[in-house]
1. What FRET efficiency, computed as 1/(1 + (r/R0)^6) with R0 = 60 Å and r the Cβ-Cβ distance, is obtained for A311 and S134, rounded to the nearest 0.05?
2. Let me know the shape class of the stretch 17-60, please: from the alpha-carbon gyration tensor, a ≥ b ≥ c as square roots of the eigenvalues, rounded when a/c is under 1.5, otherwise prolate if a/b is greater than b/c, or oblate.
3. Given R₀ = 41 Å, FRET efficiency for Y165-R459 by Cβ-Cβ distance, to 0.05?
4. Return an integer: the convex hull volume of the alpha-carbon atoms of the stretch 179-249, in Å³ per residue.
5. Subtract the Cα-Cα distance of E268 and S620 from 0.36 nm times their separation in residues, and report this length gain in nm to one decimal.
6. For a test of the definition: using alpha carbon positions, the gyration tensor, and the 1.5 limit on a/c, classify the stretch 112-253 as rounded, prolate or oblate.
7. Once you put a point 7 Å from the Cα of D553 and another 7 Å from the Cα of T73, both along the Cβ direction, what distance in nm separates them?
8. Name the long-range amide H neighbours of G41: under 5 Å, sequence gap of 5 or more, or other chain; modelled H, no Pro or chain starts.
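What follows is calculated from the coordinates using simple rules that are stated; it is not laboratory data. This is a predicted model, so every value here is computed, not measured. For neighbour counting, all protein chains shown are included, and Cβ atoms are generated from backbone atoms with ideal geometry for every residue, glycine included.
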Amino acid sequence: MAIRLLDRDTIEKITAGEVIERPVSAVKELVENAIDAGSCGISVEIRGGGAEYIRVSDNGCGIPAEEVKLAFTSHATSKLKNADELSSVLTMGFRGEALPSISAVAKVTLTTRTAGAEAGVKICVEAGQITSISEAGCPEGTTVEVRDMFFNVPVRRSFMKKPAYEQSLISELIERIALGNPLIAFRLTSQGKALIKTYGSGDVVQTAAEIYGKAWADSLRRVNETEGAITLKGYIGIGDQAQPTRARQCYFINGRLVSCRVLSQALEEACRGRVTIGRYPSCALNVTLPTALVDVNAHPGKLEVRFRDEASFRLTAQTLLARAFAGERMMDALLPKIELPPLKAQVELSQSVPAKEEPCPEKPKPAALDEVSAPKAQSAFDYLRTLDIDAAPKAMVSEVREAPIGVLQQKASQPEKPVEATTASPVPQQTTIAEAELNVPAYRLIGVYLNTYILLEYRQSLIMIDQHAAHERLNYEKYTKALDEGVASQPLLLPVVLELGPRDRAILQDSMDVLKDAGYEIELFGDGALRVTAVPFIYGQGDMRLLFTEMLDELKLLKNAEKERRLASVIQASCKHAVKGGDRLSEAEIQSLLEMMNASGAPPTCPHGRPIIKVFTKRSVEQMFKRLQ
């Protein structure tokens, strides 16, 4: 078969296919160009999931009239001069393939005007060919309209899914980009309906509240850590903020939105035991590191990056993420929450971006998450004011972040008489150090519900504590500490002999080293029996057969997992045999449990990530009973 040079049309379609896979790809490229242009307001409008119509408008610096035609030429870019700069590029785009690739498979109209220019320029390109170019009246900035995506590549169009699905991909993209660029006001509209509106306040938490709601955003944990040349900033969501998928995991490398398996692994390892099994922590995290340590040129769509030393980077990221939980205490959930009024009405961004009076700013270096520049933040609010509407207030979410509540130490001399409850007797009242200074009670035991949930009144909040989950976490902490010290195992006076089937015996043989590390001493003998001669001291006098059945079931599911993951599973199974829900606790036992919880530095979740403590504020209770709307 003869070798021949492909014609230009075929080459352009192949190149476009690498960069523009579906409508969301086009939106990503255009929005990133708008960010590079120094915009503080970006508006995106779509119809038909983006396949019919995409419109991206910004108030950035625009494109000079003499360079507009060049912008539609492959490998033409203002962001890169030579190959040496590839190792230090910080702009979102740099390949010069966005506009050529989009216009090769769609009908594109671009209108742009630079600061000080008397008129703008309008250019129309269809299937890679310029059809017209003329002067146009337009505001400063750039607007790109894309129609009939893949009209000349029907095979590619046939692989697209329903408009609702394509729209969801675009919506998720804008959410992520907005979280990584809190200084920019974003608007996404579909079929004339506003889906996303952010104000560009510069506050990541406020931006998260505008996208996902105040309740979710207000519970995020802040991360701001540095190790050597690597800095990690942003927010993590665990507990109720954990999600059934990784859709709310947003990662940025030097300001660039990426899909990063390494960071995802580091995050999930750092949050293990704080997120319910089967769910994933959410986050908005930006890693800043020297450009020489990361390759951003590893993917045609710039979705992935490569690290010079992936293992070292993962370990460093995990260490930095774990610091977000340093000083965490079980009873921190009792910290009173500041009640905030509902979010004010959303700000409407105009369909077209107006001209700015001040000169176009220089293209900024991508800022790290949570790194707010006052002048830039102000410019975003100025941009909103040009729309003749009020800028959104900055204080929509609490500026007060969670902190340890203190230590429950001092018993009150005259405890209050508790409310009669279902099963429990009153517990002597205690106060925290902080509360003692205010001379007000810390908590009051109301009782125990279903012999499972301890009920406390704290200030104006109702606290529910899952006694089994609390015991399980305390045992887990005690157990893992003993393992570290090499004193977790205790011999049995009489060895326990268990019969196993062939499959269970094979699983056990493959996991002998894991069980030994967890404090078990086991001998295999005969055709299908095992003899247990020592168990972790934390186990007590439970049903050995039930314990091993549960552990083997877990080990079957994790047979291909790393040793650390299998060991963690064995430890969790061992700790599960703690105080059960339904066990009636005496007054002294409840008091002891509360004191141990308060003294413990463990997180307020069981080892499987289920919550130990739930707080119902006065406001939430009154809303429940319709006293408040």
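1. Computed FRET efficiency for A311 and S134: 0.60.
2. In terms of gyration-tensor shape, oblate.
3. 0.30
4. Per-residue hull volume (Cα only) is 119 Å³.
5. 123.7 nm
6. Prolate, because a/c is 1.5 or more and a/b exceeds b/c.
7. 6.8
8. When sequence neighbours closer than 5 places are left aside, the close amide H contacts are N59, A185.
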